[in-house]
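Notes to accompany the following structure.
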């Protein structure tokens, strides 16, 4: 892992000090990250989820995209999950893929932890 990716993982650990966070080298100087037991406050049956993503070796010059959450995510109102959410696969695990690309990525301010927080906020706002 590059020093920038190691720093990104530490920033995520600081933002989620009570969560188990798995970080594994991806074999290309990047990392696979999985944050466990992230609270859900949105319209979902589930009260928490894991969130997984890859930080690729060009970081911080690349977006963190896509992110993934638990495969059984479902809405209390019975409606489909909606736009931006689809069936995907995170490291051989069936998951819900979250497609929320940052179109104006700025490596000076768009950190991995900020992307994670923005996506969780968006998910909870559905």
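Just so you know, all these numbers are worked out from the coordinates, no wet-lab data involved. This one's a predicted model, so the numbers in the text were calculated from it and none came from an experiment. FYI the Cβ positions are ideal-geometry reconstructions off the backbone, even for glycines, and counts take in every protein chain you see.
A few remarks follow.
- Candidate set from segment 105-122 (those that are under 11 Å from the mean Cα position of the chain (by Cα) and buried (at least 17 other Cβ atoms within 10 Å of the Cβ)); member that is farthest from residue 57 (Cα to Cα): 120
- Residue within segment 58-75 that is in contact (Cβ under 8 Å) with a residue 60 or more places away in the chain and out of contact with any strand residue (DSSP E or B) (no Cβ under 9 Å at 6 or more places or on another chain) present: no
- Summed over segment 109-126, residues that are over 20 Å from residue 36 (Cα atoms) and either part of a strand (DSSP E or B) or free of Cβ contacts under 8 Å to residues at least 24 places away in the same chain (or both) total 1.
- The set of residues in segment 90-108 that are within 18 Å of residue 30 (Cβ to Cβ) and without any contact (Cβ under 8 Å) to a residue 12 or more places away in the chain contains only 92.
- Residues in segment 19-29 that are touching a residue at least 12 places away in the same chain (Cβ under 8 Å), over 15 Å from the mean Cα position of the chain (by Cα), loosely packed, with under 13 Cβ neighbours inside 10 Å and outside any strand (DSSP E or B): 1 in all.
- Within segment 5-35, being closer than 18 Å to residue 65 by Cβ and touching a strand residue (DSSP E or B) at 6+ places or on another chain (Cβ under 9 Å) holds for 5, 8, 9, 12, 23, 26, 30, 31, 32, 33, 34, 35.
- Checking residue 1 against (1) in a loop (DSSP other than H, G, I, E, B); (2) in contact with a helix residue (DSSP H, G or I) (Cβ under 9 Å, 6 or more places away or on another chain); (3) surrounded by fewer than 18 Cβ atoms within 10 Å (Cβ to Cβ), the condition it does not meet: (3)
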